[in-house]
Amino acid sequence: MNQHIHCIINNCHYWSQGNKCAANEILVTSDEFGANQPDRIDATMAKQLTPQPAETCMATCCKTFVLKGSGDANVDRVQKMS
Ligand code: SF4
């Protein structure tokens, strides 16, 4: 699959020029799941997670977001592509 993820969150560790996400995988969840689960629960564990619904796009979030420069980028084991 030749997939491109576009993102405008430029203070994320995985953001790159041209508003592209450079993470090799991301996990989108409900806001509630994202708020309640630790950072280590992320895309690398996706197959083990239970699917769930969301009512609107406003109720979803990118759980792979890591604040640029925070030093937390290795917690989720997601790779940043060059
Ligand atoms: S990990 Fe999520 S927030 Fe960060 S650049 Fe990719 S899509 Fe955007």
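The values are calculated or read from the model by the stated rules, or taken from the named source; none is laboratory data. Worth saying up front: this structure is predicted, and the values here are computed from it rather than measured. So basically every Cβ, Gly included, is an ideal-geometry build from the backbone, and we count neighbours across all protein chains shown. Quick note on the areas: whole protein, heavy atoms, side chains included, nothing else; ligands and nucleic acids left out. Shrake-Rupley method; radii C 1.70, N 1.55, O 1.52, S 1.80 Å.
Observations
- Projected-area average for the chain over all orientations - Cα convex hull basis, square nanometres: 5.9 nm²
- Charge tally in the Cβ shell below 13 Å around residue 45, where Lys, Arg are +1 and Asp, Glu are -1, residue 45 excluded: 0
- Peptide ranges 60-72, 44-56 listed from the most packed, as the mean C-beta count within 10 angstrom indicates: 60-72, 44-56
- Portion, in percent, of the accessible area of the chain that falls on carbon or sulfur, probe 1.4 Å: 52 percent
- Per-residue ³J(HN,Hα) for the range 26-34, Karplus 6.51 cos²θ - 1.76 cosθ + 1.60, θ = phi - 60°, Hz, x for Gly and Pro: 9, 10, 9, 9, 5, 4, 4, 4, x
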